[in-house]
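The values are calculated or read from the model by the stated rules, or taken from the named source; none is laboratory data. These figures come from a predicted structure and were not determined experimentally. As a convention, Cβ positions derive from the backbone with ideal geometry for all residues, glycine included, and neighbour counts pool all protein chains shown.
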Amino acid sequence: MAKVVLRNVRLSFAHVLEPVPKLSGDGEEYNCSLIIEPNNPSLAELEAALKADAINKFGSKAEAQLGKTLKWPIRDADEEGREYEGYAGNKFINVRSQKAPQIVDRQLMPIIDDREVYSGCYANVSVSTFAYDAGGSKGVSAGLNNIQVTRKGERLAGASDAADDFDVLDDDADLD
């Protein structure tokens, strides 16, 4: 198990301020997809940590089985036909936690406003890697720890800001 900080990744399908029901229907979780550019140095660090976890749990031959008999969490958006905005040409990993992640800004001040942390913003994200063998499923994955929002990005999922939709109205403006 290792802790890795993925730097300059983009949040997608971000459910990090409020928990959402698990797909299994068994409780709630915080989760998001992290879009990672293929040349991001953090990607190599994450891959190395995941491979080390696989070898530690499953033995020296495990690395050759990653993506085959052992599940591999880093996916190629183009190979999978991910046609969502922001995914083309990139890798991604889904991360989750039952515990709320701490979310901070560049000065480490807490963020609790969904206008500041959203699908499309850029962040540094701390994850913990691990290997698993449960319910007939074996592989490696990463869990969500904490998020540092580093800069704004165009919102994904088609949401817009009110300031982009409307003009400032004069107090005496005709409301017809």
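Filtering A163, A123 for residues that are of a type in the set (A, V, I, L, M, F, W, C) and part of a strand (DSSP E or B) leaves a single hit, A123.
When each of A14, A44, A48 is tested for being of a type in the set (A, V, I, L, M, F, W, C) and either under 15 Å from L144 (Cα atoms) or not in a helix (DSSP H, G or I) (or both), the lone residue that passes is A14. Within region 19-33, the set of residues being touching a residue at least 24 places away in the same chain (Cβ under 8 Å) and exposed (fewer than 13 other Cβ atoms within 10 Å of the Cβ) comprises G27, E28. When region 106-137 is limited to residues that are under 18 Å from L34 (Cβ atoms) and without any contact (Cβ under 8 Å) to a residue 60 or more places away in the chain, the one that is surrounded by the most Cβ atoms within 10 Å (Cβ to Cβ) turns out to be I111. Of all residues in region 126-160, those satisfying the criterion of being among the hydrophobic types (A, V, I, L, M, F, W, C) and assigned to a loop (DSSP other than H, G, I, E, B) are L156, A157, A159.
So is D105 more than 21 Å from V20 (Cα to Cα), modelled with pLDDT of 95 or more and of a type in the set (D, E, K, R) or not? So D105 fits the description; yes.
Residues that are surrounded by 16 or more Cβ atoms within 10 Å (Cβ to Cβ) and touching a residue at least 40 places away in the same chain (Cβ under 8 Å) within region 34-44 comprise L34, I35, I36, L43, listed in sequence order. Read through the list (1) surrounded by fewer than 17 Cβ atoms within 10 Å (Cβ to Cβ); (2) out of contact with any Lys or Arg (no Cβ under 8 Å at 6 or more places or on another chain); (3) in a loop (DSSP other than H, G, I, E, B), then give the number of the only condition that P101 fails. Exception for P101: condition (1). Look at (1) within 23 Å of G135 (Cα to Cα); (2) over 15 Å from the mean Cα position of the chain (by Cα); (3) modelled with pLDDT of 95 or more and you find that Y30 fails only one, number (2). How many residues, within region 58-96, are among the hydrophobic types (A, V, I, L, M, F, W, C), without any contact (Cβ under 8 Å) to a residue 12 or more places away in the chain and assigned to a loop (DSSP other than H, G, I, E, B)? Residues in region 58-96 being among the hydrophobic types (A, V, I, L, M, F, W, C), without any contact (Cβ under 8 Å) to a residue 12 or more places away in the chain and assigned to a loop (DSSP other than H, G, I, E, B): 1 in total. For region 62-98, the candidate set comprises residues that are at pLDDT 95 or above and either polar (S, T, N, Q) or closer than 18 Å to V149 by Cα (or both); within that set, the residue that is surrounded by the fewest Cβ atoms within 10 Å (Cβ to Cβ) is Q98.
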